[in-house]
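Chemist: Could you have a look at this structure, given as structure tokens, before my questions?
The values are calculated or read from the model by the stated rules, or taken from the named source; none is laboratory data. What you see is a predicted model; the values in this text were computed from it and never measured. With ideal geometry, Cβ positions are generated from the backbone for all residues, glycine too; neighbour counts draw on all protein chains shown. Ligands, DNA and RNA are excluded from the accessible area calculation, which covers all protein heavy atoms including side chains. Shrake-Rupley method; radii C 1.70, N 1.55, O 1.52, S 1.80 Å.
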Amino acid sequence: MKDERNVSLPNKAERHKLFGSVEPGPRSKPTKKHEMPDLQNTKQDFLFDIDHVGITNVKHPVIVNSHVTPHVQTTIGTFYMTSSVNKTHKGTNMSRFTELLNQYYENGELEVSLAFLKEFTAELSHRLEQEETTITVEFPWFFERRGPDSDKPGMNHADAKVTVHYHQTSGYHYTVSLKGTITTLCPCSKEISEYSAHNQRGNVSMEAELTGDFDETTTDWKLALLEAAESNASARIHPVLKRPDEKMVTEQAYENPRFVEDMVRLVAADLYEMPFIQKFTVTCQNEESIHLHDAIATITYDKSWHM
Ligand SMILES: Nc1nc2c(c(=O)[nH]1)N=C([C@H](O)[C@H](O)COP(=O)(O)OP(=O)(O)OP(=O)(O)O)CN2
């Protein structure tokens, strides 16, 4: 085994040369921005309008502020931001997306609320001089959950997503999504067995188009969708369960058996009754405890179908 403790290292610049770095070559192109070609702003007929061009998978600290529950939290948002580009423009101004994001962050306004996202998309459309802009933010949303008997608090989380689309003439379009985790107990297993019934975690994913008059100062859509998933489940999921708690959730699950079909129908009924939801899709996917596969069911419903 070589004694590597006494390696005589060249200095850092020499090390870089050793590994292939070379001195800068001759400079012939402009270094000042106003002297540089601006390819993306070239104007001619580029054949097609582009519906969406921009950036995605942008991770950034964000604020989740709920007017309904005075509980401000910071979390990590993953952004998708695009604009339309009409066929007379070669490209978008890519730097302006993150330039604006940072400006809102520095002003303490990077909040995943509809108010912020509406303002952001309108300003982005103005800055890019393009007709339409879209922003989507996905983030883990944390909420307190207390034991049903012990009242012991802990934090649960659900995956949330907001999309705001802005059009200079037709205005805004909002879509929200939430994926909540629940307990489901199998009705068939309960019916046919002398005792016990297989049960498992279920993931309820809901996506809802909100009406234009939705008021986030009076309704927290995250809480509304979470309750639609959890209140129809066999039982809710808790971070802290003492023995009396565990007894309660175990018996509650047995008293409320649910197929995935039952879950999507019951959640659909709750979403249908929410006046601020225009259209929704609900999916329940069970991590079946007696199979290596999952069970899944989906309902999509648009209230305009029966206007
Ligand atoms: N697909 C890609 N498109 C573009 C890229 C890229 O890397 N991949 N890069 C550019 C630009 O070179 C760069 O983003 C800066 O362009 P822009 O945002 O237009 O910024 P400017 O320096 O021109 O400053 P403004 O004053 O904001 O115009 C473009 N497209």
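Chemist: Among the residues of segment 93-101, is any assigned to a loop (DSSP other than H, G, I, E, B), within 16 Å of the ligand (Cβ to nearest atom), more than 30 Å from LEU223 (Cα to Cα) and in contact with a helix residue (DSSP H, G or I) (Cβ under 7 Å, 6 or more places away or on another chain)? Talk me through it step by step, then tell me what you get.
Modeler: Taking segment 93-101 first, the residues assigned to a loop (DSSP other than H, G, I, E, B) are 93-94.
Restricting the remaining residues to those that are within 16 Å of the ligand (Cβ to nearest atom) gives 93-94.
Applying the additional criterion that residues be more than 30 Å from LEU223 (Cα to Cα) yields 93-94.
Add one more test, that the residue is in contact with a helix residue (DSSP H, G or I) (Cβ under 7 Å, 6 or more places away or on another chain), and what stays is 93.
There is at least one residue in segment 93-101 that is assigned to a loop (DSSP other than H, G, I, E, B), within 16 Å of the ligand (Cβ to nearest atom), more than 30 Å from LEU223 (Cα to Cα) and in contact with a helix residue (DSSP H, G or I) (Cβ under 7 Å, 6 or more places away or on another chain).
Chemist: Do we have VAL137 as farther than 20 Å from THR175 by Cβ and open to solvent by less than 20 Å² (accessible area, probe 1.4 Å) here? Even if it seems obvious, please write down each step before you answer.
Modeler: Values: farther than 20 Å from THR175 by Cβ: no; open to solvent by less than 20 Å² (accessible area, probe 1.4 Å): yes.
Taking the combined requirement at face value, the residue does not satisfy it.
Chemist: Now, a different point. Sort through THR121, THR74, THR78, THR136 and tell me the only one that's more than 16 Å from the ligand (Cβ to nearest atom), polar (S, T, N, Q) and assigned to a helix (DSSP H, G or I).
Modeler: On the way: THR74 fails: assigned to a helix (DSSP H, G or I); THR78 fails: assigned to a helix (DSSP H, G or I); THR136 fails: assigned to a helix (DSSP H, G or I).
Going through THR121, THR74, THR78, THR136 in turn, the sole match is THR121.
Chemist: Do you know which residues across segment 59-98 are under 30 Å from THR42 (Cα atoms), open to solvent by 50 Å² or more (accessible area, probe 1.4 Å) and either touching a residue at least 24 places away in the same chain (Cβ under 8 Å) or outside the structural domain of THR121 (by TED's automatic domain parsing) (or both)?
Modeler: TYR80, ASN86, LYS87, THR88, LYS90, MET94, ARG96, THR98
Residues checked against (1) away from the ligand (no atom under 16 Å from the Cβ); (2) more than 30 Å from HIS89 (Cβ to Cβ):
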{"site": "VAL7", "(1), (2)": "yes, yes"}
{"site": "LYS12", "(1), (2)": "yes, yes"}
{"site": "ARG15", "(1), (2)": "yes, yes"}
{"site": "VAL22", "(1), (2)": "yes, yes"}
{"site": "SER28", "(1), (2)": "yes, no"}
{"site": "THR31", "(1), (2)": "no, no"}
{"site": "PRO37", "(1), (2)": "no, no"}
{"site": "ASN41", "(1), (2)": "no, no"}
{"site": "ASP45", "(1), (2)": "yes, no"}
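Chemist: As an exercise: evaluate TYR104 against (1) in a helix (DSSP H, G or I); (2) assigned by TED's automatic domain parsing to the domain that holds ARG258 and give the number of the one condition it does not meet.
Modeler: (2)
Chemist: If you take the residues in segment 47-61 that are over 30 Å from THR74 (Cα atoms) and more than 13 Å from the ligand (Cβ to nearest atom), which one is farthest from the chain's Cα centre (by Cα)?
Modeler: Filtering segment 47-61 for residues over 30 Å from THR74 (Cα atoms) gives 47-51.
In the following step, the residues that additionally are more than 13 Å from the ligand (Cβ to nearest atom) were identified as 47-49, 51.
Values: LEU47: 34, PHE48: 30, ASP49: 28, ASP51: 21 Å.
Within segment 47-61, the match that is farthest from the chain's Cα centre (by Cα) is LEU47.
Chemist: Tell me which helices (runs of 4 or more DSSP H) are completely within segment 144-256 and hold 3 or more residues being out of contact with any Cys (no Cβ under 7 Å at 6 or more places or on another chain), in contact (Cβ under 8 Å) with a residue 12 or more places away in the chain and more than 30 Å from PHE116 (Cα to Cα), or say none if there are none. Before you say what the answer is, go through the steps one by one.
Modeler: Values: elements: 187-192, 221-230, 243-255.
Answer list for segment 144-256: 187-192, 243-255.
Chemist: A further question on this structure: All but one of (1) without any contact (Cβ under 8 Å) to a residue 12 or more places away in the chain; (2) surrounded by 14 or more Cβ atoms within 10 Å (Cβ to Cβ) hold for THR31, so report the exception by its number.
Modeler: Only one criterion is unmet by THR31, namely (2).
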